Amino acid sequence: MMFRWGPDRIRFMRDASEYGDYNQRLAEWMSPWLNQDTHICDAGCGLGYLSLALAPYVKQVTAVDKNADALRVLEENCRRQNIRNVKALCGDIALMPPKEPYDSMAFCLFGHIQEILAIARRQCRGEVFVIIKNDAAHRFSVGSYALEGNHYQTACRYLRERGIPFESRTLKLELGQPFRNREDARRFFQLYSRDEDKSAITDNFLRKKLVETENDSFPYYLPHARKLGFIQLDAGNIPTIP
């Protein structure tokens with residue numbers, strides 16, 4: 001399912017990405033497998049902050065996403081920062097094979113491992129990076145809700161069952177959310193909470209969740225240590241039918 005960005009979601013993710021070093025640290029994890037001759041595809045790149053972080057390590061980044069509004073943020077950042085080796089493409093990565101296979105592909109919170117393997121086998125000739133959820137529960141709700149969809153342990157088990165060699169490790173990277181005011185924080189929880197009754201997002205709930213900062217632009221901060229699984233494999237080892 002295509003992620004529904006929307007103006008508020010774009011604004012929140014833009015603020016979070018520019019406030020911390022989450023994407024820079026992800027790029028550092030990938031860097032041992034990259035070099036200045038690498039053409040990497042950031043599949044389902046969203047706002048493209050990982051693409052920007054990868055740019056110094058490689059020759060070319062092709063950033064692909066279905067959402068044109070999200071890609072406009074990437075294009076704006078490339079112009080503002082004078083980054084010339086990142087190319088944004090709008091469309092479905094599964095239907096957009098390159099003329100020459102990518103040297104590497106990154107799938108960050110992309111989707112199910114089956115889909116990732118199918119795309120990587122057709123479009124990549126080298127390293128494949130899968131960054132995937134490793135949280136057990138949803139973090140932005142008042143109630144307790146188990147996370148659904150693709151998960152690190154599930155992906156590892158799928159690869160092992162099919163005899164696909166891979167390396168893996170778990171990561172915990174800070175991707176907290178800065179806020180300009182309390183109403184911004186309330187809006188964030190209203191967007192991302194799984195609670196049907198949004199009235200549960202009370203002032204008292206917000207006080208318990210938020211940290212006051214000394215930043216004039218963002219006086220409130222929601223800490224969030226995102227738990228991730230990092231999987232690296234070679235596209236050449238993916239069988240015809242994963």
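Structure summary
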| item | result |
| --- | --- |
| First in the range 87-104 and under 21 Å from residue 234 (Cβ atoms), second anywhere and of a type outside the set (Phe, Trp, Tyr) and part of a loop (DSSP other than H, G, I, E, B), Cβ under 7 Å, 6 or more apart | 93/44; 103/38; 104/34; 104/38 |
| Total residues in the range 219-239, condition assigned to a loop (DSSP other than H, G, I, E, B) and either under 22 Å from residue 126 (Cβ atoms) or free of Cβ contacts under 8 Å to residues at least 24 places away in the same chain (or both) | 2 |
| Any hit, the range 118-129, residues being under 16 Å from the mean Cα position of the chain (by Cα), open to solvent by less than 50 Å² (accessible area, probe 1.4 Å) and either hydroxyl-bearing (Ser, Thr, Tyr) or closer than 25 Å to residue 233 by Cα (or both) | yes |
| Which numbered condition residue 25 misses (of (1) open to solvent by 80 Å² or more (accessible area, probe 1.4 Å); (2) more than 15 Å from the chain's Cα centre (by Cα); (3) basic (Lys, Arg)) | (2) |
| Criterion: surrounded by fewer than 21 Cβ atoms within 10 Å (Cβ to Cβ), under 15 Å from the mean Cα position of the chain (by Cα) and not in a helix (DSSP H, G or I) - qualifying residue of 4, 14 | 4 |
| Qualifying residues in the range 138-169 (those that are part of a strand (DSSP E or B) and exposed (fewer than 14 other Cβ atoms within 10 Å of the Cβ)) - the one modelled with the lowest pLDDT | 146 |
| Selected residue [modelled with pLDDT of 95 or more and not in a strand (DSSP E or B)] from 195, 135, 216 | 216 |
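The values are calculated or read from the model by the stated rules, or taken from the named source; none is laboratory data. None of these values were measured; they are calculated from a predicted model. FYI the Cβ positions are ideal-geometry reconstructions off the backbone, even for glycines, and counts take in every protein chain you see. Keep in mind that these areas ignore ligands, DNA and RNA; they rest on the heavy atoms of the full protein, side chains included. Shrake-Rupley method; radii C 1.70, N 1.55, O 1.52, S 1.80 Å.
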